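Asker: Handing you this structure, nothing more for now.
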Amino acid sequence: MTRLRRLLDRHATALTLAVIVILWEIAGRFQLVASGALPAPSDVLIRMWEDQADYWPHVAATVRTAFLGFVGGNVIAILAAILFVRWPLTERLSRGVNIAIFALPPIAIVPVLVLALPGEWPRLTLAAIAVYFPTMTAMVVGLTEVDPRSVELMRAYGGGEGAVMRWVRLRASLPALLGGLRVAAPNAVLGAILAEFGSGSRWGLGTYLLGSLGRADPARLWGIGLAATAIAGLAYALAALAASRVTDASRAVTIAAGATPASEPIGRSGGHRVAIAVVALVLPFAIWWGLLALSGLSPIIAKTPLGVFDYLFLPPTAANAQARLLSALAETLPIMVVGMAAGLGFAFLLAVAGAVRPGIVRALMPIALVTQTMPLVALTPLLVLIFGRGVAVTVAITVSVTFFPAYVTLAQGLSMVPKAAFDLVRAYGASGWRALRMVALPASLPWLFAAARLAVPRALLGVMIAEWLATGRGLGNLLNQSRGYLDYGMIWTVALVSVLVSVILYQLAVGLERLATARR
Amino acid sequence: MAGGRGIVFEEISKQFLVRGSPLAVLDKVSLDCPPGSFTALIGPSGCGKSTLLKIALGLETVDAGSVRIGGEPPDAVRQRGEIGIAFQDPALLPWRSVSANVALPLDVLGGSRPEQRARIPHLVSLVGLSGFETALPGELSGGMRQRVAIARSLVTAPDVLLMDEPFGALDLILRRQMNVELQRIWMEQSPTTILVTHGIDEAVYLADRVVVLGGRPGVVKGIVDIPFDRPRPTTIFRDPAFHRLTDEVGALLGGDEG
């Protein structure tokens with residue numbers, strides 16, 4: 001009996017996966033879900049085998065884009081991190097750019113990139129952008145969190161910041177950097193697929209997905225989703241392998257929650273601080289402007305910030321443009337907020353329950369990890385198959401993209417609560433649920449906000465993909481339509497507005513997180 | 001090279017800002033450490049002894065008074081690599097071998113410094129780590145790591161050696177063993193040395209004189225000269241004269257409460 005138990009315990013993850021596959025097979029065989037929308041895994045594999053001639057060029061294109069974007073994005077991210085740590089002022093000035101890059105829903109800027117860049121550059125750029133943030137933040141943490149004694153030692157021998165960087169920081173940051181690369185690798189695949197899908201390229205899994213969407217062929221869509229997940233998972237595994245060769249201590253899979261962004265910069269004076277904040281705010285727009293000026297593109301196609309303002313407020317058609325934008329926002333925002341709240345809520349309940357009954361965590365982690373690796377674009381058509389093309393699918397996508405990352409963040413946060421804290425309240429006679437209320441809930445609150453901060457861009461991306469692909473409503477649809485109508489002004493406007501929405505909601509979550517942590 | 005420079009503190013005063021209000025940690029502390037002397041600074045936590053050491057290093061500013069090493073400000077001396085430093089934490093870089101960690105100050109100071117590099121094997125054997133030249137810090141015990149730190153502090157052949165509780169994290173037996181070895185190593189170069197410590201035995205055994213700091217802000221409570229010849233045998237720990245001196249230091253420390 002106990003031997004069987006031990007066996008089950010040791011292989012809990014494998015068992016969970018096996019059970020899922022078996023249930024899936026049964027559900028598919030007997031067409032239990034949405035009359036055949038969920039084909040059996042065996043059917044999916046058979047279909048993939050039949051389609052294999054199609055797969056290779058598409059897979060090769062996606063892997064190539066992801067790889068080049070991964071390399072380019074990481075080089076930039078590493079150099080930026082070194083710059084930010086060596087001269088902290090540059091970090092503060094770049095804060096606006098960094099937040100924008102983190103928060104931008106990639107799908108929103110694909111059409112803009114296609115307008116502004118030639119050939120495969122839009123795809124490479126998007127893959128690189130997807131990689132930049134996780135690597136940059138991990139590297140900054142690695143460079144910053146060095147043994148202060150080592151730094152003091154450098155100073156004592158007359159070494160300045162340059163010597164500290166050269167002898168201590170660079171080498172010390174290696175484990176953190178490799179951790180960042182692991183997160184970045186599947187991101188590059190997602191970025192590549194999103195870009196293919198929005199840029200009308202000839203090859204790539206994104207293109208294949210888009211082409212297969214119209215046919216009533218669930219097995220093929222699932223096959224593409226599986227292939228995309230496998231590539232992303234493989235990218236993760238390769239990065240993890242490289243990491244474990246350098247640092248023997250392998251770490252748990254984490255979402256780079258990072259620290260709460262520093263609340264107040266150390267400024268010399270109020271005016272100095274305001275000046276830095278203004279530059280940080282203006283810099284993204286200045287870069288946008290500067291790049292377009294350098295590119296020499298026609299102002300009709302490539303809108304500067306001023307061009308967007310012009311489009312939205314000056315000409316006679318402005319009122320119409322404003323109305324379309326506002327009604328799209330009115331469709332997108334409520335669904336996004338509801339879906340995000342539901343996803344975060346479920347994650348919160350489950351994580352807190354898991355803190356009391358750890359078995360739940362063990363059973364759910366594998367599913368959480370698989371869905372995290374599964375590229376969002378690949379997930380969307382599958383959910384469309386199940387939920388149809390109404391509002392339900394948008395909510396389902398938003399919940400599913402926010403739930404699992406939030407759950408992982410919260411579960412990790414709660415696992416950091418010292419076990420002694422639980423034991424202490426129990427020792428005074430508190431029941432399990434009472435301990436939960438007194439220890440787990442307050443402990444998890446800051447993590448909930450951290451999870452919200454991470455969930456914002458994903459939620460908006462999920463909603464926009466659903467709108468673009470399935471529902472024909474909201475910002476995503478407006479963007480897709482404007483592409484068709486060659487309405488350049490609207491393409492740039494939607495890109496700008498969706499980035500702004502994401503950044504504002506992100507900042508809101510940061511503000512709440514600060515309030516929650518300030519009291520402790 | 002027997003200690004070319006002395007360290008002179010003159011009327012040092014220092015305040016820290018604690019939550020916006022000033023807290024005086026040192027009040028007009030004067031101290032003269034002649035060339036080649038070994039001074040132990042002892043006192044309760046928070047009396048400013050570590051701050052005084054950082055001032056001697058030039059890593060901490062003063063509000064009043066001055067410190068001179070051989071007549072120069074400490075910054076200049078430090079940046080030439082003429083001060084050796086050892087902290088309570090050995091602060092070894094985990095990715096560097098024993099030899100490479102000992103060589104670290106030379107790398108930071110720049111220049112090839114061939115004759116100082118040539119001395120590294122000798123220093124490693126001096127601290128009893130022959131055969132461990134290529135070992136990484138993770139493969140060493142706590143005491144061995146601290147020996148690496150001592151070797152590192154001597155690699156520039158410094159005129160001045162500043163140590164802040166270098167054996168504070170070691171157990172009593174290991175600590176006494178390290179004290180004996182430090183004396184042996186010290187006698188080879190006799191740099192002008194200041195040792196900050198909590199241990200009365202350690203201070204009396206190693207130093208030419210023990211300076212007791214106390215009070216808040218910290219002032220010099222008293223100075224006890226240690227007349228024993230070197231090398232001092234370990235049997236000295238059982239000598240009644242040794243105990244009279246430790247009692248004297250203890251009395252100066254104990255008077256702090258009143």
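Asker: Spot the failing condition for B:Pro166; the list is (1) part of a loop (DSSP other than H, G, I, E, B); (2) open to solvent by 10 Å² or more (accessible area, probe 1.4 Å), and only one is missed.
Answerer: Answer for B:Pro166: the failing condition is (2).
Asker: Next question. Checking the structure you have, find out if any residue of the stretch A:167-175 is over 28 Å from A:Leu126 (Cβ atoms), of a type in the set (Phe, Trp, Tyr) and either open to solvent by 10 Å² or more (accessible area, probe 1.4 Å) or within 14 Å of chain B (Cβ to nearest Cβ) (or both).
Answerer: Yes: the stretch A:167-175 contains one or more residues that are over 28 Å from A:Leu126 (Cβ atoms), of a type in the set (Phe, Trp, Tyr) and either open to solvent by 10 Å² or more (accessible area, probe 1.4 Å) or within 14 Å of chain B (Cβ to nearest Cβ) (or both).
Listed here are the residues, each with its yes/no results for (1) at pLDDT below 80; (2) closer than 30 Å to A:Ser327 by Cβ; (3) aromatic (Phe, Trp, Tyr).
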| residue | (1), (2), (3) |
| --- | --- |
| A:Tyr407 | no, no, yes |
| A:Lys419 | yes, no, no |
| A:Asn480 | no, yes, no |
| A:Val494 | no, yes, no |
| A:Ile504 | no, yes, no |
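Asker: Going through the stretch A:177-205 one residue at a time, which ones are at pLDDT below 85, open to solvent by 10 Å² or more (accessible area, probe 1.4 Å) and of a type in the set (A, V, I, L, M, F, W, C)?
Answerer: Within the stretch A:177-205, A:Val183 is the sole residue that qualifies.
Asker: Return only the number of the condition from (1) at pLDDT below 90; (2) farther than 20 Å from A:Pro457 by Cα that A:Pro57 does not satisfy.
Answerer: (1)
Asker: Applying the selection to the stretch A:138-162, what residues are open to solvent by less than 40 Å² (accessible area, probe 1.4 Å) and away from chain B (no Cβ under 14 Å)?
Answerer: Passing the criteria: A:Ala138, A:Met139, A:Val140, A:Leu143.
Asker: Let me ask another. Which members of the stretch B:32-87 meet the condition of being polar (S, T, N, Q), open to solvent by less than 50 Å² (accessible area, probe 1.4 Å) and within 12 Å of another protein chain (Cβ to nearest Cβ)?
Answerer: Correct list: B:Ser50 only.
Asker: If you go through the stretch B:120-132, how many residues are open to solvent by less than 60 Å² (accessible area, probe 1.4 Å) and without any contact (Cβ under 8 Å) to a residue 60 or more places away in the chain?
Answerer: Qualifying residue count, the stretch B:120-132: 7.
Asker: Only one residue in A:Ile301, A:Ile287 is surrounded by 12 or more Cβ atoms within 10 Å (Cβ to Cβ) and over 15 Å from A:Leu93 (Cα atoms). Which one?
Answerer: A:Ile301
Asker: Moving to a separate point now. Report whether or not A:Gly158 is in contact with an Asp or Glu (Cβ under 9 Å, 6 or more places away or on another chain) and not β-branched (Val, Ile, Thr).
Answerer: Spelling it out, A:Gly158 is indeed in contact with an Asp or Glu (Cβ under 9 Å, 6 or more places away or on another chain) and not β-branched (Val, Ile, Thr).
Asker: Based on this model, can you work out whether A:Arg123 counts as part of a helix (DSSP H, G or I), surrounded by 23 or more Cβ atoms within 10 Å (Cβ to Cβ) and of a type in the set (D, E, K, R)?
Answerer: Against the criterion (part of a helix (DSSP H, G or I), surrounded by 23 or more Cβ atoms within 10 Å (Cβ to Cβ) and of a type in the set (D, E, K, R)), A:Arg123 qualifies.
Asker: A further question follows. Identify, by number, the condition in (1) without any contact (Cβ under 8 Å) to a residue 40 or more places away in the chain; (2) open to solvent by less than 10 Å² (accessible area, probe 1.4 Å) that B:Gly214 doesn't meet.
Answerer: That leaves (1) as the condition not met.
Asker: Within the stretch B:6-60, can you find the residues that are among the aliphatic types (A, V, I, L, M), touching a Lys or Arg at 6+ places or on another chain (Cβ under 6 Å) and over 16 Å from B:Pro73 (Cα atoms)?
Answerer: The answer is B:Val25, B:Leu26, B:Leu41.
Asker: Looking at the stretch B:88-105, which of the residues that are hydrophobic (A, V, I, L, M, F, W, C) and at the interface with chain A (Cβ under 9 Å from one of its Cβ atoms) is farthest from the chain's Cα centre (by Cα)?
Answerer: B:Trp95
Asker: To continue, here is another question. Would you mind finding the one in A:Phe309, A:Phe346 that is among the aromatic types (Phe, Trp, Tyr), at pLDDT 85 or above, part of a helix (DSSP H, G or I) and farther than 20 Å from A:Leu486 by Cα?
Answerer: Result of the check over A:Phe309, A:Phe346: A:Phe346.
Asker: Sticking with this one: Out of (1) touching a strand residue (DSSP E or B) at 6+ places or on another chain (Cβ under 6 Å); (2) surrounded by fewer than 24 Cβ atoms within 10 Å (Cβ to Cβ); (3) over 17 Å from B:Ile42 (Cβ atoms), what's the single condition that is false for B:Ile185?
Answerer: Failing condition for B:Ile185: (1).
Asker: Could you tell me which of the residues B:Ile223, B:Ile194, B:Ile236, B:Ile200 is free of Cβ contacts under 8 Å to residues at least 60 places away in the same chain and under 20 Å from B:Asp164 (Cα atoms)?
Answerer: B:Ile223
Asker: Go through (1) more than 8 Å from every other protein chain (Cβ to nearest Cβ); (2) surrounded by fewer than 16 Cβ atoms within 10 Å (Cβ to Cβ) one by one and return the number of the condition B:Gln116 breaks.
Answerer: B:Gln116 satisfies every listed condition except (2).
The values are calculated or read from the model by the stated rules, or taken from the named source; none is laboratory data. Quick caveat: nothing in here was measured; it's all calculated off a predicted structure. With ideal geometry, Cβ positions are generated from the backbone for all residues, glycine too; neighbour counts draw on all protein chains shown. When the accessible area is computed, the model is the full protein with side chains, heavy atoms only, and any ligands, DNA or RNA have been set aside. Shrake-Rupley method; radii C 1.70, N 1.55, O 1.52, S 1.80 Å.
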